[in-house]
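Peer 1: This is the structure I want to talk about, given as structure tokens.
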Amino acid sequence: MKKLLFALIIISILIGCKTKNQENKVVINELPLKTYFQNNDLPAAIMGYVTKEGKMEWYVFGPSVWGGKDTVNENNIFRIYSMTKALASVAALQLVEKGLIGLDDPLDKLMPEMISIPILNKKELVKASNTITLRNLLTHTAGFGYDFIDDRLQKFDKTEWEYNDLPRLFEAGERWQYGTNLDWVGKIIEKISGQDLETYLRENVTVPLKMNSTWFNVPENLKENIVSWGVRDTIGFQEYPRIPSELVTEFSAGGGLFGSPKDYSTFLECIMNNGKYDGGQILKPETVELMFKNQLPIGTSINWDIPESGLPETVGRFPDESDTYGLAWAIEDSEDELVRTKGSVYWAGIANSYYTLDKDKGIAIVYFTQFLPFNDKVSYDFYRLFEKEVYTGLKTK
């Protein structure tokens with residue numbers, strides 16, 4: 001009887017080990033990745049995935065400092081730009097959970113300097129009729145844009161302009177427009193918390209998750225981990241100064257953070273686990289669930305005003321205009337998507353970094369190169385190739 005019991009225990013342990021291994025197993029074919037990098041001119045790239053169980057794997061190409069002899073790694077520090085937005089969204093939602101602000105509270109009294117900004121209607125400025133809410137800001141439906149995206153804002157005469165942002169482009173809730181909305185979210189966090197954004201994020205997001213390489217102002221002892229970055233022009237890649245020379249005093253929640261691939265994967269892993277991390281809960285599960293639900297007005301989707309003639313051959317196909325948007329990122333909603341599953345979320349940083357988070361499959365993907373202009377086709381296609389290899393590997397489980 002004892003022998004039988006012992007045998008059953010051993011079998012149970014083996015089955016348990018096998019199940020755990022199966023949960024973590026992703027089989028990646030590295031050859032297409034190596035071939036792609038060898039056949040293109042990218043100076044460096046790093047990509048990786050993290051499973052719901054916390055397993056991370058990395059695939060690295062090229063040096064951390066362009067022309068150097070090392071190999072870029074997951075602890076190197078990148079300018080993550082608009083990948084900052086998801087962290088700021090989580091920070092704002094923490095304040096919602098504490099009852100310090102509501103998603104649909106009018107912001108007239110809290111943020112009069114924002115509410116007073118007029119709307120540029122065709123060529124004249126008009127006073128807004130609708131108030132702005134936190135939900136509007138988190139979903140890019142408040143009317144704010146970026147001048148590097150919108151022609152009207154590029155041409156707008158800023159002479160004697162007295163506001164803290166460019167004009168809004170439409171009434172709040174009317175449609176989706178990518179813009180400075182999250183920078184205003186950062187100011188809201190600072191007003192409500194009484195802390196600067198660097199301090200708030202460190203205390204409430206990055207330190208709890210042990211994201212020790214994620215900062216607005218990278219500490220001196222970490223600055224050598226910062227990778228090269230620059231611009232691709234007609235000649236090739238031209239490098240910008242690698243290490244910032246001045247401290248940031250105004251913190252951009254829309255795009256100001258530096259961070260490592262490992263840190264960002266850790267953040268996505270936490271969200272994948274409904275906000276749970278080793279030692280606590282960054283957000284409640286019901287709040288995380290809300291982040292994955294479409295928050296746009298009925299009949300609205302992401303609209304980048306892509307011309308009917310399409311994009312130039314040198315430009316990647318980010319994002320899909322048929323997709324929707326949650327409280328932090330785009331939501332895959334296309335019937336034509338061939339790689340990621342419907343309902344997964346994704347976004348990017350302007351220096352050609354990207355991520356995908358598939359909560360249902362229990363996998364998150366990060367990809368980092370570090371140069372302008374954004375949506376470089378060679379870099380974007382590399383990200384999509386890696387994404388394809390990860391999903392293909394998942395199917396072999």
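The values are calculated or read from the model by the stated rules, or taken from the named source; none is laboratory data. Every value quoted in this text rests on a predicted model; they were computed, and no experiment measured them. With ideal geometry, Cβ positions are generated from the backbone for all residues, glycine too; neighbour counts draw on all protein chains shown. Remember, those area values only see protein heavy atoms, side chains included, never the ligands or the DNA or RNA. Shrake-Rupley method; radii C 1.70, N 1.55, O 1.52, S 1.80 Å.
Peer 1: If the viscosity is 0.692 mPa s and the temperature 37 °C, what Stokes-Einstein diffusion coefficient in µm²/s follows for the chain when Rh is the Kirkwood radius over Cα pairs?
Peer 2: Approximately 147 µm²/s, per Stokes-Einstein.
Peer 1: Under 8 Å for C-alpha pairs, at least 6 residues apart: give me the relative contact order for region 189-290, rounded to a whole percent.
Peer 2: Worked out over region 189-290, it gives 27 percent.
Peer 1: Moving on to the next point. Once you have the Cα-Cα distance between Thr199 and Asp381, take 0.36 nm times their residue separation minus that, and quote the gain in nm to one decimal.
Peer 2: 61.9 nm
Peer 1: Counting Lys +1, Arg +1, Asp -1, Glu -1, what net charge surrounds Asp320 among other residues with beta carbon under 12 Å of its beta carbon?
Peer 2: Result for the local shell: -3.
Peer 1: With the contact rule set at Cα under 8 Å and sequence spacing of 6 or more, what percent relative contact order holds for the chain?
Peer 2: 22 percent
Peer 1: Which of Val27, Phe148, Ile243 sits farthest toward the positive end of the charge dipole of the chain, with +1 on the Cβ of Lys and Arg and -1 on the Cβ of Asp and Glu?
Peer 2: Val27
Peer 1: Also, I was wondering about something else. Tell me the label-point distance for the pair Thr71, Asp165, using the 7 Å Cα-to-Cβ offset, in nm and rounded to one decimal.
Peer 2: Here the answer is 4.4 nm between the modelled labels.
Peer 1: If you add up the charges near Asn352, with Lys and Arg at +1 and Asp and Glu at -1, over every other residue whose beta carbon is less than 14 angstrom from its beta carbon, what do you get?
Peer 2: Around Asn352, the surrounding residues sum to +2.
Peer 1: With a 1.4 Å probe and every protein chain left in place, work out the accessible area per residue of region 125-228 in Å², rounded to a whole number.
Peer 2: Accessible surface, normalised per residue, equals 43 Å².
Peer 1: Measure out, as a whole number of angstrom, how far apart the alpha-carbon centroids of region 170-204 and region 350-374 sit.
Peer 2: 22 Å
Peer 1: Same structure again: Within region 104-199, report the chymotrypsin sites (Phe, Trp or Tyr not before Pro) that DSSP leaves as loop and that have at most 14 other Cβ atoms within 10 Å.
Peer 2: Answer by residue number: Phe148, Trp161, Tyr163.
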